[in-house]
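Below: one structure, written as structure tokens.
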Amino acid sequence: MAIIGEQLRRLRKTRKTLQKDIAMFLNVPLRTYQSYEYGEAEPNLDIIIKLADYFEVSTDYLLGRSDKPQHQ
């Protein structure tokens, strides 16, 4: 699931958000969020949904199943 890490990194940098801010939103340790971005761990379904809400994108976009960030 390395695609989700790439998507997260891209979205975070586009929004100029810090990893620690996203980790706080998710209520996870910073290292846990970093492991998602680095492809060292896979977020569970609840975290994927929270990330999609945070970045205002679809879960399909986060998972690399769609090139379009928003639902149509």
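The values are calculated or read from the model by the stated rules, or taken from the named source; none is laboratory data. Just so it is clear, the model here is predicted, and its values are computed rather than measured. Note that we place each Cβ from the backbone using ideal geometry, even for glycine, and neighbour counts take in every protein chain shown.
Candidates in the range 58-72 are the residues that are not polar (S, T, N, Q) and not in a helix (DSSP H, G or I); of these, the one that is modelled with the lowest pLDDT is His71. Number of residues in the range 23-43 that are touching a Leu at 6+ places or on another chain (Cβ under 6 Å) and more than 17 Å from Leu63 (Cα to Cα): the value is 1. Scanning the range 1-57 for residues that are assigned to a helix (DSSP H, G or I), of a type in the set (Gly, Ala, Ser) and touching a helix residue (DSSP H, G or I) at 6+ places or on another chain (Cβ under 7 Å) yields Gly5, Ala23, Ala52.
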